[in-house]
């Protein structure tokens, strides 16, 4: 049995190998950038009006002195207009500010009489209501660094700067293998000794959040069936997640079966709570996690180990996962194991939730982070700064 620090180093030494690919921007939602993306054009590409109104040169503006209105500039006008001294021009939101103009007054602050513009707004300032060219970004500016997720906002940012293709990490093919004779799918009647299976719901939902649609297999606690499911999963996937059957009981067949299939064990059993029997192995470039069957243990392994492991492969900075917060209530533990404590973070303060047992999922339904303790810790006092892992 090894400690969590040793496990973290072993995972870093056996990274998940992913490929880069260039795709059309519209296909990239939810994926992670493999290279920095730069602006093709400045945004805005020209000085433009922030509202409907009138454009003019500030030096020509004097209260109580009208300016002659010289036409108009609608949004989308491609002909560059030049202002004459002492004149104004009708302009609409998004339209190019003509040469010779540097300020726009909103139409509500004006009066038009016989083709003359009267400005009735003493608070107007030079350059007002003009979006300057390049005020968001200049041509060649880095818009997204490598390792950033393509969110709706990121997609819009890239498109606004003329980016039509993006280099992303191709997410791994993943299989989830759920084991156990006692499990029944929700919606079916339970017989004595059976429980409803929820691990596939948790893991598949977590993988969907990373843009991955995994294969799902169910295996009974028999050597032949388990071997068949694991063999198929390894043949078709880059990453295999197995729930249940990784401890040392008579029906815990996952670890020896993986060995028979040619997998090399990197570690098995950690000094942690919950999910002490966690397994990690490799078969060539393929990676395998064996998780205990208790549902809270499964999600603990996901958030504490598997998700960070996968995000590291796509270059996500670790500070976006690991942070610190101020503890709001006391927590006591027996020393010797690192604890991953389900908690709720809000406004920089984190609260330990009730229901930490590995069979319970009620705390996970509220939790948005873990508090990660040191193995030597016996007592954490309210007000202390603690390490957290964000979900």
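The values are calculated or read from the model by the stated rules, or taken from the named source; none is laboratory data. Keep in mind that this is a model prediction, so the values were computed, not measured. Neighbour counts run over all protein chains shown; Cβ positions are idealised from the backbone, glycine included.
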State all residues of region 21-39 that are surrounded by 14 or more Cβ atoms within 10 Å (Cβ to Cβ), touching a helix residue (DSSP H, G or I) at 6+ places or on another chain (Cβ under 9 Å) and in a loop (DSSP other than H, G, I, E, B); if no residue qualifies, say none.
28, 30, 39
Per the filter on region 275-292, residues in a loop (DSSP other than H, G, I, E, B) and more than 23 Å from residue 198 (Cα to Cα) are 284, 285
Condition test on residue 53, is it in contact with a helix residue (DSSP H, G or I) (Cβ under 9 Å, 6 or more places away or on another chain) and assigned by TED's automatic domain parsing to the domain that holds residue 161?
no
If you take just the strands (runs of 3 or more DSSP E) that sit entirely in region 293-391, which of them hold at least 1 residues that are over 30 Å from residue 30 (Cβ atoms) and without any contact (Cβ under 8 Å) to a residue 60 or more places away in the chain?
322-327, 349-352
Assess whether residue 258 counts as being modelled with pLDDT of 95 or more, over 30 Å from the mean Cα position of the chain (by Cα), assigned to a helix (DSSP H, G or I) and not assigned by TED's automatic domain parsing to the domain that holds residue 379.
yes
Identify, please: which residue in region 119-148 is modelled with pLDDT of 95 or more and not in a loop (DSSP other than H, G, I, E, B) and is, among those, nearest to residue 311 (Cα to Cα)?
144
Residues of region 49-74 that turn out to be under 16 Å from residue 123 (Cβ atoms), more than 49 Å from the chain's Cα centre (by Cα) and part of a strand (DSSP E or B), as a count:
1
